[in-house]
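The values are calculated or read from the model by the stated rules, or taken from the named source; none is laboratory data. Here the structure is a predicted model, which means the values were calculated and not measured. Neighbour counts are summed over all protein chains in view; Cβ atoms, including those assigned to glycine, are modelled from backbone coordinates with ideal geometry. SASA here: full protein model, heavy atoms, side chains in, ligands and nucleic acids out. Shrake-Rupley method; radii C 1.70, N 1.55, O 1.52, S 1.80 Å.
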Amino acid sequence: MSRGLFITLEGVEGAGKSTHAAFIGKQIEQSGRTVTLSREPGGTRAGEDIRELLLHARDAGVSAMTELLLIFSARSQHLEEIIRPALAVGEVVICDRFTDATYAYQGGGRGIATDQIRTLEALVQGGLKPDLTILFDMDPAIGLQRAGGRSAADRFESESIDFFHRVRNGYLRIAEQEPDRVKVVDAAQPIAVVQAEIIEILTARGLC
Ligand code: Z5A
């Protein structure tokens, strides 16, 4: 069986990943491919339980290392149940956040050493990486404003603006290191402009 294609969407809070995930899925389906849409943390029953713990546990109850291990636990289950089987039958998997988020949030944001994250990445993913990542980049202040008012702030949303600047810088570092895989889109632009740039990226990969 042919291996499918693994696409991940990244960015700070409120950058538009969920909005554009559906759009990207539709564009690719129109080219005749089967799409699986998922998200992290989450995507499986166990993963969604872990997500609940990560987003809503009282801060004092979860250390940075515990957070990191929970994220990779959810990822391990997600890979086994959803991502690897879909790729094995040639589907396109679109995932709202993946391991770049770990380097940006737990590495850049929380200060966990890159080597520790890399060790877990190798253990859990065994070399599997996204084929294409779209980074929706924007000033975190705008993203937080967009996302604000939806509901009470979760554990991440309660972090300081400095935390989100470190996260953004973490993402931009990855994009600089891996320009072929990570395509950066200015997410502060109007939705129609962002979507036109997405179409260009997908067209260049023969995906629409
Ligand atoms: N996390 C982690 O720490 N480590 C990891 O490894 C992973 C995750 C995988 C949950 O993620 C948390 O998990 C996350 C990091 C952590 N916390 N934070 N921050 P999530 O992806 O579920 O949470 P999120 O980033 O908070 O998602 P979000 O707020 O839903 O953001 P979004 O999906 O990027 O944005 P959206 O919902 O599509 O758009 C937000 C609003 O803006 C909405 O009203 C849109 O209509 C509007 N919007 C979108 N685009 C535009 C444009 N271009 N113009 C105007 N308005 C727009």
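General remarks:
- Estimated distance in nm for a label pair at Ser151 and Arg33, the labels positioned 7 Å out from Cα along Cα-to-Cβ: 3.2
- Helical segments meeting 15 Å axial Cα length and Kyte-Doolittle 1.0 threshold in the chain (DSSP H): 191-204
- Shape of the chain, Cα gyration tensor, a/c cut at 1.5: oblate
- The stretch 106-127-the stretch 1-75 distance, computed between alpha-carbon centres (Å): 17
- Taking the Kirkwood radius as Rh and the Cα radius of gyration as Rg, the stretch 69-124 has a ratio of Rg/Rh equal to 1.02.
- The accessible surface of the stretch 4-154, taken with every protein chain in place and a 1.4 Å probe, is 51 percent carbon and sulfur.
- Placing +1 on the Cβ of every Lys and Arg and -1 on the Cβ of every Asp and Glu, with nothing else charged, gives the chain a dipole about its Cα centre of roughly 260 debye.
- Where only DSSP H runs of four or more residues are counted, the chain gives -14500 deg cm²/dmol as its mean residue ellipticity at 222 nm, each run worth -39500 (n - 2.57).
- On full extension, the segment bounded by His56 and Ala196 gains 46.8 nm, given 0.36 nm per residue less the C-alpha separation.
- Each pair of Cα atoms in the stretch 92-208 enters the Kirkwood radius, and Stokes-Einstein at 4 °C and 1.567 mPa s then converts it into a translational diffusion coefficient of 83 µm²/s.
- Two-site label geometry, Ser160 and Asp49: point separation in nm, points 7 Å out along Cα→Cβ: 3.6
- Accessible area of the chain divided out per residue, in Å², using a probe of 1.4 angstrom: 48
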